[in-house]
Amino acid sequence: MSVEESSSPYLPLDILQEIFEYTARVDRQVALNLVQVSSWAREWIDPILYQVVSLRRESTIRNFLRTIETTKSERFFLDLRVTHLTIFFVPTSQIPTHCHPSCHSPERLGTAVSNLRPTHLSVLFPTILHGFYPQLNLPFYSRLTHLSIINDSTDWTAWMGFHSLSNLTHLALDVRAEPQPIDPEKAARICSTVAFILGHCSSLRVCVLLLLFTPDPHQTRDAIARWQDAEDRRLIFLRDTEPFRDRNAREERVIWDKAERAMARQRSGSSSVVIDI
């Protein structure tokens with residue numbers, strides 16, 4: 001006899017809901033199994049499962065497309081239940097994974113995402129080598145408060161439109177610092193772009209430069225800071241000690257937490273610091 005055919009549960013529904021929601025948060029695979037056998041579980045667990053969406057592989061894109069075709073799932077997106085969206089571009093994929101409002105293929109994915117207004121976004125855009133420049137003034141980005149860009153500085157120093165992110169309070173930008181020492185021209189471009197962002201993003205509280213592949217993060221920090229006209233304590237340097245790991249919503253929270261701590265230290269009078277994550 002299935003769960004649906006059984007009589008009322010032995011535990012009160014509110015207790016069951018607590019148990020199922022806790023399970024969904026600590027073990028995603030068990031949660032996926034639960035939603036297959038119980039409509040109660042699906043109703044309680046779906047909002048948790050869809051809160052964090054990571055689009056990394058072609059198979060993930062196919063599953064995502066299949067899921068959003070259902071009426072119930074469409075309501076989740078319209079209700080803005082997706083709060084963390086991680087997007088990876090896979091140039092070899094037959095299905096474009098640059099999930100972006102301006103993309104035309106696949107149309108259903110573009111339409112679904114264009115209805116979203118995320119507040120937290122971690123994104124790896126196609127590089128400028130693919131001729132891609134994000135249009136940051138699109139409605140999709142209008143409610144962003146936390147933005148983590150995984151592209152290297154070669155890309156984001158060539159982009160325009162950061163000033164249109166009027167609600168942005170936290171920004172993280174990847175900097176691949178190899179080879180050592182960092183090229184002076186690259187350091188100058190980074191500093192110029194960051195200075196523009198700090199000067200034109202009115203709500204910005206924290207701007208993180210996340211250093212990757214650098215054996216001497218302090219040397220890299222100094223090489224970039226050398227081009228600053230004036231010190232801005234909103235600028236934080238972090239070093240990723242495991243640059244090959246995937247970045248997900250949990251990792252992003254670590255970045256913001258570390259950045260806030262570093263900024264507090266700098267505001268208390270400490271000189272610019274570099275903190276490992």
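Derived scalar couplings between HN and Hα for segment 236-241 equal 10, 10, 10, 10, 8, 7 Hz in order, rounded to whole Hz, by the Karplus curve 6.51 cos²θ - 1.76 cosθ + 1.60 (θ = phi - 60°), x for Gly and Pro. Rounded to the nearest 20, the Cβ-based charge dipole of segment 117-276 about its Cα centre (Lys and Arg +1, Asp and Glu -1) stands at 580 debye. Taking the Kirkwood radius as Rh and the Cα radius of gyration as Rg, segment 117-276 has a ratio of Rg/Rh equal to 0.93.
Quick one: which residues, 5+ away or cross-chain, put their amide H under 5 Å from the amide H of Arg239? H built at 1.01 Å from N. For Arg239, the qualifying residues are Leu211, Ile275, Asp276, Ile277.
Note on Ile15, Ile224: ascending count of other Cβ atoms within 10 Å places them as Ile15, Ile224, the fewest first.
None of the figures in this text is laboratory data; all of them are computed from the coordinates on show. The model shown is predicted, which means the values in this text are computed figures rather than measured ones. Cβ coordinates were reconstructed from backbone atoms using ideal geometry, including for glycine residues, and neighbour counts include every protein chain displayed.
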